[in-house]
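K.L.:
For reference, the structure I am asking about is given below.
Just so it is clear, none of the values below were taken in a lab; they were calculated from the coordinates. Note that the coordinates shown come from a computational prediction; the quantities given were computed from them, not determined experimentally. All Cβ positions, glycine included, derive from the backbone under ideal geometry; neighbour counts span all protein chains shown.
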Amino acid sequence: MKKIMYCIAVIATAASLSLFGTNLFASDKDDKIESAAKNSYVFKTYLKSDDIKIKSVDGVVILTGTVAEESRKSLAGDTVASIAGVKGVNNELKMKDKAPDAHSDAWLITKVKTTLFFHRNVNATTTEVLSENGIITLRGDADSEAQKSLTAEYAKDVEGVKNVKNEIIVLNPMMKKSEKKMDKKLNTMNEEIDDASITALVKTALLYHRSTSGIKTTVETKEGVVTLGGSASNAAEKDLVSKLSNDVHGVKDVVNNMKVMGK
């Protein structure tokens, strides 16, 4: 009888230790997911002013709190979903204030500003965006005519924009003495951007561009190299997805495996 009771006690203890060990492992994994999200480039830059709480339970992440714009809600969700070990995301984030009406001037300004912020070959911080009846006016400065033109090109490709008045001023070369230093700083910053953030930024950038919003594209990132999958209607669409993805912060290279329909 004593032997039987001893065996039962040993089995119960082993089961308890096994369960305890499993819970510890799950807890450690969830802690790593939460830490990865909080320390991601997206959360530390684009979402730093928002009130977002991150909780992972057995790999399922729950996002609660408030954000300033609808785009930030999806950006947060896409970033977390791309973190290793995440099984699912319950995105319960709410808007801090009432969102502007779709296609209103305030709505367009937000979308154009957001689009510019995703791309590294334009200067979103020095570009002022105005809108009146769907006509966007761009002001500020640019380092070159190419940058000025690209800024307008990106603005025109935002859904709802009817036309763009490009009043950006190209700086005199003598005013750009620190340009190389800034480029070096930018390259360093790009190298530090995590893969989950890059994936989310590329997905959101493609969604915000009118020319690519309807294209079925999958995005994966490893060590800054973005791999695109899915389908495009023609070769021009496929090339455009590559071009826009290449210009997103942190992207080192793009491998486009998209299939052209009919080929």
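K.L.:
Return P(r) of region 22-95 (all Cα-Cα pairs; 10 Å bins starting at 0; whole %; ordered from short to long distances).
P.N.:
22, 56, 19, 3
K.L.:
When ranked by the protection proxy of mean other Cβ atoms within 10 Å per residue, highest first, what sequence do the peptides 37-43, 252-258, 236-242 form?
P.N.:
Details: 37-43: 20.4, 252-258: 15.4, 236-242: 17.7.
Packing proxy ranking, top to bottom: 37-43, 236-242, 252-258.
K.L.:
Something else about it: Can you tell me which of 193-204, 124-135, 75-86, 101-112 comes out highest on packing, and rank the rest after it, using the mean Cβ neighbours within 10 Å?
P.N.:
193-204, 75-86, 101-112, 124-135
K.L.:
Please report the antiparallel percentage of the DSSP beta bridges confined to region 22-95, to the nearest 5. Don't jump to the answer; show the numbers that get you there.
P.N.:
Numbers: 7 of 13 bridges.
In region 22-95, approximately 55 percent of DSSP beta bridges are antiparallel ones.
K.L.:
Using just the Cα positions, wrap region 105-177 in a convex hull and report its mean projected area in square nanometres, one decimal place.
P.N.:
So the mean shadow area of the Cα hull is 4.4 nm².
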